[in-house]
1. Where in the stretch 399-477 are the helices (runs of 4 or more DSSP H), entirely inside, with at least 2 residues that are more than 24 Å from the chain's Cα centre (by Cα) and more than 30 Å from residue 184 (Cα to Cα)?
2. Got a sec? Which of 545, 494 is over 28 Å from the mean Cα position of the chain (by Cα) and in the same structural domain as residue 419 (by TED's automatic domain parsing)?
3. State whether one or more residues within the stretch 110-128 are in contact with a helix residue (DSSP H, G or I) (Cβ under 6 Å, 6 or more places away or on another chain) and within 21 Å of residue 189 (Cβ to Cβ).
4. Can you find even one residue in the stretch 548-558 that is within 25 Å of residue 404 (Cα to Cα) and outside any helix (DSSP H, G or I)?
5. Say we look at the stretch 509-537 and pick out the residues that are part of a loop (DSSP other than H, G, I, E, B), more than 18 Å from residue 403 (Cα to Cα) and touching a helix residue (DSSP H, G or I) at 6+ places or on another chain (Cβ under 8 Å); which of these is modelled with the lowest pLDDT?
6. Checking the conditions here, which among 580, 592, 563 is surrounded by fewer than 20 Cβ atoms within 10 Å (Cβ to Cβ) and assigned to a loop (DSSP other than H, G, I, E, B)?
7. Among the residues of the stretch 323-340, is any more than 30 Å from residue 147 (Cβ to Cβ) and not in a helix (DSSP H, G or I)?
8. In the stretch 429-458, what count of residues is obtained for those that are within 25 Å of residue 418 (Cα to Cα) and touching a strand residue (DSSP E or B) at 6+ places or on another chain (Cβ under 7 Å)?
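The values are calculated or read from the model by the stated rules, or taken from the named source; none is laboratory data. Bear in mind the structure is a predicted one, so any value in this text is a computation, not a measurement. Neighbour counts are summed over all protein chains in view; Cβ atoms, including those assigned to glycine, are modelled from backbone coordinates with ideal geometry.
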């Protein structure tokens with residue numbers, strides 16, 4: 001497509017992006033002038049990162065939780081490190097859902113009212129996919145992630161709400177993880193096949209690697225095979241990261257409707273390799289066509305190798321984008337003592353040299369912000385100086401959100417004996433997860449039982465904005481998944497960046513990050529990481545440690561408590577960040 005570009009031009013040059021005042025003519029890609037911003041895309045070698053959800057900006061609700069926020073943090077670190085990556089996702093115009101909770105703890109799901117044009121820019125490029133033999137048109141919106149040095153990573157949002165599509169097809173990019181299995185498969189056709197086609201339309205003609213963040217984008221491998229008719233060539237270009245250590249969590253679709261929906265895109269000769277129990281398994285499809293596969297923590301790599309024997313599955317432990325998740329008070333503190341930490345989070349190792357009173361002052365500033373927020377919104381009367389526990393994540397049974405409150409009498413006894421306790425909960429349950437919804441109701445029931453003897457609140461509609469306040473403002477971060485069902489977890493890493501220690505089950509990243517009484521505490525007896533969790537044993541250990549170790553240390557040994565906070569920053573934050581994670585992907589997956 002020939003087009004003239006004037007004013008601001010952002011373009012690729014020798015695998016790098018830069019801005020400049022130029023006038024140029026290009027036939028090598030697509031350019032669009034939108035609100036005086038022009039983007040020109042030239043076909044240079046780079047990595048395409050596919051994720052069903054991307055939490056790139058707290059104002060753009062195209063994410064549900066950890067998977068999407070990780071994707072956003074990944075793209076931010078690529079921009080900081082000048083890694084030539086583009087992101088591809090679905091628009092999810094009405095988001096995951098807006099959560100309201102009534103006084104009895106019943107979750108109410110509402111569509112998010114999101115004005116796309118306020119945050120994303122349209123491009124004129126279009127493509128299409130075939131679903132059940134009909135053509136579904138796709139348009140694209142873009143968002144630019146700018147790194148510390150000005151390097152740009154673009155993110156492309158696919159949208160089927162296009163004139164000419166059927167009413168049903170126009171909804172395919174409206175709801176994140178919405179609808180039935182047929183709807184979900186159609187979404188994955190748009191993301192995988194449509195995403196690969198859209199990149200070609202945008203002028204990305206020489207993608208080196210296609211990185212699938214979970215199996216949702218696995219159908220893109222079929223489009224690549226359609227191009228090359230060569231399995232090995234597709235494998236050379238594909239990287240797959242699995243996040244799910246539970247078999248039921250892997251997307252799979254009955255062949256009875258998957259084959260008609262995909263038509264000729266699904267070759268019969270690979271069915272034995274990519275199906276399980278007569279279902280198209282998206283994880284097996286991604287495994288079959290990838291030269292590099294990884295889990296998201298060392299333990300998760302082991303679990304994945306057991307789930308999928310015969311495949312070489314590595315592990316790269318997740319991280320978080322340091323500059324995003326460090327609160328303002330700690331940003332100022334780090335800028336004062338450790339300049340350069342944003343571009344090189346390993347510098348946070350030097351936190352050992354920061355005076356303890358400065359760490360405490362930064363923490364109390366963040367804590368006051370959180371306490372003021374919950375008191376103003378929920379009239380709960382929380383105190384700045386009282387020991388505050390935070391639990392916020394997707395509410396589902398295996399994460400055991402009710403473990404902390406499973407014995408209200410014991411909890412009240414500890415608070416009376418050792419010192420006041422405050423608890424702040426947050427998190428959404430999937431609309432179809434009845435056990436998760438029941439967990440929220442139980443939290444509200446216990447809240448009434450405690451009658452203020454342990455102050456407790458539940459923040460509605462958990463999102464990135466609330467997460468930033470919580471991971472910095474609580475005194476202790478709680479994580480209680482049943483082993484071995486936590487692939488990684490990243491919320492405790494965010495807390496560590498703000499000097500907040502974690503108290504959690506030895507699973508996922510915490511197996512690597514927990515140094516007992518130094519960076520936090522483990523739930524459950526020692527040497528049990530090879531065994532499934534026992535709720536009763538874990539509950540007893542949780543209460544015993546709170547009563548005898550953790551809360552007394554907070555109230556009676558503040559000097560050593562702050563030493564633990566400082567160790568969280570120096571030991572865990574300096575390693576569990578996406579800059580380190582991306583460097584490992586570059587060395588192990590992208591350029592190997």
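1. Details: elements: 408-418, 434-450, 464-473.
Filter on the stretch 399-477 gives 408-418, 434-450.
2. Details: 494 fails: over 28 Å from the mean Cα position of the chain (by Cα).
Answer to the selection: 545.
3. Checking the stretch 110-128: at least one residue is in contact with a helix residue (DSSP H, G or I) (Cβ under 6 Å, 6 or more places away or on another chain) and within 21 Å of residue 189 (Cβ to Cβ).
4. Quick first cut of the stretch 548-558, residues within 25 Å of residue 404 (Cα to Cα) only: 548-558.
Subsequent filtering for residues that are outside any helix (DSSP H, G or I) retains 557.
Yes, the stretch 548-558 contains at least one residue that is within 25 Å of residue 404 (Cα to Cα) and outside any helix (DSSP H, G or I).
5. Selected residue: 529.
6. Working: 580 fails: assigned to a loop (DSSP other than H, G, I, E, B); 563 fails: assigned to a loop (DSSP other than H, G, I, E, B).
Matching residue, one of 580, 592, 563: 592.
7. Initial filter on the stretch 323-340 (more than 30 Å from residue 147 (Cβ to Cβ)): none.
No, the stretch 323-340 has no match at all.
8. Here the count works out to 9.
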